[in-house]
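Contents: one structure, followed by commentary.
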Amino acid sequence: MHERPLPDWNTLTFSYTETDFMYRADGDTRHDPVWAPGRIEPSGRVALSPAAAVLSYGVGIFEGLKAFRREDGGVQVFRPDANAARFQRSAGRLSMAPYPADDFQSGVLRLVDANRRFVPPHGMGSFYIRPMQHGVEEKLGYGACRELMVTMYGSPVGAVGSSEDAIRLHAVERARVAPGGTGAAKAIGNYAGSVHVAGAAKQQGFDDVLYLDARELRFVTETSGANFFMVDRAGRLVTPPLDDQILAGVTRDSVITVAREDLGLDVEERPIAIDEVLSEAKEAFCTGTAWTLRSCREIVHRDRSVAFAGRDVRHALWEIISGIQTGRRADVRGWTRQVPADA
């Protein structure tokens with residue numbers, strides 16, 4: 001097989017580079033077992049009927065996780081079990097048969113191993129993995145899908161901006177998702193609507209928007225694709241609680257765990273009014289697989305602008321989490337999975 005060229009490790013951005021291989025698995029709820037064995041195949045196009053349910057009705061979910069090159073040359077994946085569990089929950093919300101967690105993790109490891117040469121050198125980026133599940137049954141009229149497809153691909157990436165670059169957020173009086181909708185799932189439709197809103201904010205010099213809750217337009221929820229944290233004047237780390245509008249981020253969970261167990265911080269998961277953020281926060285940051293941990297330097301709401309100079313808590317958290325991800329620190333919680341040769 002003709003090998004695709006490697007990118008310049010020194011100029012990596014968070015963008016797509018086609019690699020050599022992808023992972024595929026087909027499912028059909030009329031069969032037992034539902035899912036056929038997954039397979040590694042050359043990267044290429046995915047063929048779908050124009051009547052596939054994902055194209056008309058958005059019956060699709062996705063995940064995002066990363067593999068890292070250790071200093072000793074080995075490769076490890078960060079918390080694939082957590083992504084596998086969320087992948088199953090998201091599928092259930094869209095009435096799709098869940099993909100087995102063991103097959104998910106095995107597929108991730110096999111995909112990374114097949115594309116091992118695309119994993120950036122230690123400290124120069126990561127290998128981003130995008131698992132997806134789609135309803136591919138031909139349907140005219142919506143309903144639960146019997147024919148399904150899981151596809152995974154990966155790409156070497158740099159950061160979405162430097163993790164040290166603080167961001168500007170525009171707190172908008174609109175919701176990211178509908179109450180009682182699919183906000184707790186990583187459904188593809190949750191992200192399509194954010195493009196227009198975030199695009200308008202970026203034209204005004206913001207990095208993203210911070211959405212308020214759908215019921216009262218009073219409490220903060222998320223950005224277009226990241227969870228939100230603040231440190232109040234008493235030193236407490238506060239984040240919105242998980243509900244039907246908040247995605248259970250893997251980085252979010254990692255931050256809460258490290259903050260409590262390693263840093264000894266008082267962590268509160270509770271509703272946070274935008275007014276409280278602007279009046280009581282001394283530090284604010286966002287978390288996600290792509291963004292990692294990004295400090296907020298300014299949040300604007302209506303005609304009020306507040307700057308946040310604090311960085312200490314985010315820095316301490318990121319030092320520990322990034323150390324675990326890349327192998328600089330011992331993984332005492334079993335969060336990482338080594339990628340064996342011929343996985």
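The values are calculated or read from the model by the stated rules, or taken from the named source; none is laboratory data. It should be emphasised that the depicted structure is a prediction, and the values quoted were computed from it without experimental measurement. Neighbour counts run over all protein chains shown; Cβ positions are idealised from the backbone, glycine included. Surface areas here come from the heavy atoms of the whole protein model, side chains and all, with no ligands, DNA or RNA. Shrake-Rupley method; radii C 1.70, N 1.55, O 1.52, S 1.80 Å.
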Indicate the gyration tensor shape class of region 110-256 (rounded, prolate or oblate), computed on the Cα atoms with a ≥ b ≥ c the square roots of the eigenvalues: a/c under 1.5 is rounded; otherwise a/b larger than b/c is prolate and the rest oblate. oblate
Averaged per residue, what accessible surface does the chain expose to a 1.4 Å probe, in Å²? 44 Å²
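Number of Lys pairs in the chain with C-alpha atoms less than 30 angstrom apart, excluding same-chain neighbours closer than eight positions? Before the final figure, lay out the partial values.
Details: LYS66/LYS186; LYS66/LYS202; LYS139/LYS186; LYS186/LYS202; LYS202/LYS282.
Eligible lysine pairs with Cα atoms under 30 Å apart amount to 5.
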Whole angstrom only: what separates the Cα centroid of region 228-258 from the Cα centroid of region 69-145? 24 Å
With N residues in region 210-343, what two-decimal value do you get for its Cα radius of gyration over 2.2 N^0.38 Å? 1.11
Descending accessible area (1.4 Å probe), largest on the left, turns ARG116, ARG45, ARG236 into ARG45, ARG236, ARG116
Of all accessible heavy-atom area on region 221-343, the percent that carbon and sulfur account for (1.4 Å): 46 percent
Helical segments meeting 18 Å axial Cα length and Kyte-Doolittle -1.0 threshold in the chain (DSSP H): 101-114, 189-203, 312-326
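With all protein chains present and a 1.4 Å probe, how do HIS301, HIS122, HIS31, HIS196 order by accessible area, largest first? Present the calculation step by step, with values, prior to reporting the outcome.
Working: HIS301 15, HIS122 60, HIS31 110, HIS196 140 Å².
Sorted descending by solvent-accessible area, the residues read HIS196, HIS31, HIS122, HIS301.
Ratio of alpha-carbon Rg to the 2.2 N^0.38 Å globular estimate for the chain, to two decimals, please.
Working: Rg = 20.2 Å, N = 343, 2.2 N^0.38 = 20.2 Å.
For the chain, the normalised Cα radius of gyration is 1.00.
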Point-charge dipole on Cβ atoms (K/R +1, D/E -1) for the chain, about Cα centre, debye to 20: 240 debye
If unit charges are put on Cβ atoms (+1 for Lys and Arg, -1 for Asp and Glu) and the dipole of the chain is taken about its Cα centre, the option from VAL136, THR221, ALA185 lying farthest towards the positive end turns out to be VAL136
Give the residue from TRP291, PHE68, SER15 lying farthest towards the positive end of the charge dipole for the chain; charges sit on Cβ (+1 for Lys and Arg, -1 for Asp and Glu) and the dipole is referred to the Cα centre. SER15
With every protein chain present, what accessible area does TYR16 have (1.4 Å probe, heavy atoms only), rounded to the nearest 10 Å²? 140 Å²
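Short version: what are the Cα gyration tensor semi-axes of region 1-147, square root of 5 times each eigenvalue, largest first, in whole Å? Please list the in-between numbers first.
Numbers: eigenvalues 182, 56, 38 Å².
Sorted largest first and rounded, they come to 30, 17, 14 Å.
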How much of LEU48 can a 1.4 Å solvent probe reach, expressed as accessible area in Å² and rounded to 10? 70 Å²
For the chain, modelled as a Gaussian network with Cα springs under 10 Å, which listed residue fluctuates most, GLU137, GLU173, GLU216? GLU216
Most mobile listed residue (LEU111, LEU212, LEU140) in the chain, GNM with C-alpha springs under 10 Å: LEU140
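Using only the alpha carbons of region 116-202, what is the convex hull's orientation-averaged projected area in square nanometres? Spell out each step's value before the answer.
Working: hull surface 37.0 nm².
The number I arrive at for region 116-202 is 9.2 nm².
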Net charge near TRP35 (other residues with Cβ under 12 Å of its Cβ; Lys, Arg +1; Asp, Glu -1) is -4
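Of all beta bridges DSSP finds with both residues in region 213-343, what is the antiparallel percent, to the nearest 5?
Working: 18 of 21 bridges.
Rounded to the nearest five, the antiparallel share is 85 percent.
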